[in-house]
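Engineer: First, the structure itself, so that you have it in front of you.
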Amino acid sequence: MRVPGEPPPPASPRHYSGLLGALHHCISGGDAPAAVSLLPTLAGSGLRAPFPLLSSLAGLLLLRPAAPSFSSLAGRLLLYVRLAGLKRLVPHSTQLADRLLSLHFLLGRPRDARRLFAKMPRPSAHSYNAMLAGYARLALAAPAAEVFAAMPHRELFSYNAVMLALGRGGEEGGAVKLYSELRNSYPSLGYNHHTFFALLVACAELMDRELARQFHGHLMALGFLSDVNIASSLLDVYSKCGCVDDARNLFEEIPIKDVHTWTTIVCACAEDGQLATARQLFDQMPEKNISSWNALIEGYVCHGKRVEALNMFQQLLMEGLLPDQLTFGSCLSASAAMPMHSLKLGEQIHGMLLRSGFDLNVMIISSLIDMYSKCGYLDGAKQLFELTGTERKGAMLWNSIMSALCHHGHAKDVIGLFVQMIHERQKPDANTFLLVLTACCRCSLVEEGIKFFDLMNERYMIVPGQDHCLCMVDLVGHASSDDKVGEWIKSSAFTFNKQFWEILVRNCTIDGNKELLNKVEEHLTELDHP
């Protein structure tokens, strides 16, 4: 019997010689990179590797999906299958097809997996399960439900996988309903820790306190709270539901606590503002990791305890731990809000980032821009933005520098920067347009604001939120009455609700803007909305 996790043995070596023998030797020795490197030579020689060898190579790759070279090796294997003219034949080899399905999903190619699966004349239960597991990994609920409905024979693995796909993919209620079906209609299939992990993923998304408590009792009765992963997942559910007292009680019940369990309860207490309790639990932890430190530091920052957050950061460094992007992001937020010496603190953290060779990713650069802006050093924020490579300048960074300019009263520069952003073919998001509309309000640029609002709707298909609409109401309500404003109010593709009309009428009344007020009242009469 083959040991679980061991690569499937390739066919007997006596069948292969030459290049195929070399390929067999590499696979037998577990050397996937060397085996994949032979594939172009095989293709150039017009040789087709037998399906048993390709299946064994795919199985070898699937043993280490987290390896840095996985994507490259898996992609090259799939490319060989196509170039060698095997694509039409693969669906008829169920074992190879099943493994290629998994490779497609791990590479983030669900459509390719779907096409291969559709061409399989006799997919096995394993084939169906490979599809369900792939959809669960990518949080694709609808296609997972479709495959599950078409299954001729379902196993416990099938239920677990589709429940996880539903829970991750926005169909949490469907996952809970499916669990009821499993227990009531198919009790012979049983359940395992994967079942309850999938169920708790759905429960965390639902944020239903009563349901969480019901599952707590259910898991206790079935004896699954001794599983540290299940217990930690239930702790996470309580945390997301805001049931910190329930989380504390559960924490005390758990017989074996790992670092993740401790971190979860520290995070729950810190997020709820129970900072003294969070610190006490943190100090009691037998083992800490960077996530534990981040949970407490972020809790201090969120609840205004910025000095304590920075003290924790210093202690972290003294203990020789390496901060990550969340640590630096929280500390930059803390230094930006400090009443004294904030710029010096922020510059020290920035210097530390540069000296340590830490990768200044988008989140960190955005936090640095925000910190320099709030510390009154706008030039520093602008220099940092300008020195950032174009490939990293997505909407988040453009929004950060626009927000900095707004904060310092440079509204016209915000509009100019937005025009530059469009010229550089960067795609704005809802926050970008809110900043631009705010800038138009501050400069009383009514026509420009109307054009930007319509651009958001018509070109970028962004549905206006409440803040966008309030901004527009403020903009047109204080404008001088002219036909363009009146026509825009009537022709706007977005229908304002009662609150916005009331604000608009109030603004017109306060400003004595009788002409615009009359036009608004005429439009409301047409809408039968007095």
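Engineer: Taking into account only those residues within region 292-314 that are open to solvent by 60 Å² or more (accessible area, probe 1.4 Å) and either in contact (Cβ under 8 Å) with a residue 40 or more places away in the chain or polar (S, T, N, Q) (or both), which is nearest to S356 (Cα to Cα)?
Structural biologist: If we take residues in region 292-314 being open to solvent by 60 Å² or more (accessible area, probe 1.4 Å) and either in contact (Cβ under 8 Å) with a residue 40 or more places away in the chain or polar (S, T, N, Q) (or both), then Q314 is nearest to S356 (Cα to Cα).
Engineer: Looking for something under 25 Å from L100 (Cα atoms) and either surrounded by 23 or more Cβ atoms within 10 Å (Cβ to Cβ) or not basic (K, R) (or both) - is there at least one such residue anywhere in region 176-194?
Structural biologist: yes
Engineer: Residues that are touching a residue at least 24 places away in the same chain (Cβ under 8 Å), closer than 27 Å to V266 by Cα and buried (at least 17 other Cβ atoms within 10 Å of the Cβ): does region 317-324 have at least one?
Structural biologist: Yes, region 317-324 contains a residue that is touching a residue at least 24 places away in the same chain (Cβ under 8 Å), closer than 27 Å to V266 by Cα and buried (at least 17 other Cβ atoms within 10 Å of the Cβ).
Engineer: Considering every residue within region 388-397, establish whether at least one is over 24 Å from I349 (Cβ atoms) and hydroxyl-bearing (S, T, Y).
Structural biologist: The answer is yes; a qualifying residue exists.
Engineer: While we're here: Considering each of L470, L435 in turn, give the residue that is open to solvent by 20 Å² or more (accessible area, probe 1.4 Å), of a type outside the set (D, E, K, R), assigned to a helix (DSSP H, G or I) and out of contact with any Cys (no Cβ under 7 Å at 6 or more places or on another chain).
Structural biologist: L470
Engineer: Among what's in region 238-271 and is among the charged types (D, E, K, R), in a helix (DSSP H, G or I) and over 21 Å from the mean Cα position of the chain (by Cα), pick the residue that is nearest to G223 (Cα to Cα).
Structural biologist: Ranking the candidates gives E253 first.
Engineer: Which one of L53, L107 is within 30 Å of the chain's Cα centre (by Cα), open to solvent by less than 70 Å² (accessible area, probe 1.4 Å) and of a type in the set (A, V, I, L, M, F, W, C)?
Structural biologist: After applying the criteria, what remains is L107.
Engineer: Another question about this same structure. Tally time: how many residues in region 70-86 are open to solvent by 50 Å² or more (accessible area, probe 1.4 Å) and within 16 Å of L107 (Cβ to Cβ)?
Structural biologist: Total satisfying the criteria: 5.
Engineer: If you don't mind, there's one more thing I want to ask. If we scan region 151-159, do we find a residue that is of a type outside the set (F, W, Y), open to solvent by 30 Å² or more (accessible area, probe 1.4 Å), under 27 Å from the mean Cα position of the chain (by Cα) and under 23 Å from E205 (Cα atoms)?
Structural biologist: Among the residues of region 151-159, not one is of a type outside the set (F, W, Y), open to solvent by 30 Å² or more (accessible area, probe 1.4 Å), under 27 Å from the mean Cα position of the chain (by Cα) and under 23 Å from E205 (Cα atoms), which makes the answer no.
Engineer: A follow-up question, please. With respect to A43, is the statement that it is over 34 Å from the mean Cα position of the chain (by Cα) and in contact (Cβ under 8 Å) with a residue 12 or more places away in the chain true?
Structural biologist: Yes: the conditions hold for A43.
Engineer: Any idea how many residues of region 241-268 are closer than 16 Å to D227 by Cβ and open to solvent by 40 Å² or more (accessible area, probe 1.4 Å)?
Structural biologist: 6
Engineer: Okay, next question. For region 117-133, what are the residues that are among the basic types (K, R) and part of a helix (DSSP H, G or I)?
Structural biologist: Across region 117-133, the qualifying residue is only K119.
The values are calculated or read from the model by the stated rules, or taken from the named source; none is laboratory data. All values derive from a computational prediction rather than experimental measurement. We place every Cβ from the backbone using ideal geometry, glycine too, and count neighbours over all the protein chains shown. Remember, those area values only see protein heavy atoms, side chains included, never the ligands or the DNA or RNA. Shrake-Rupley method; radii C 1.70, N 1.55, O 1.52, S 1.80 Å.
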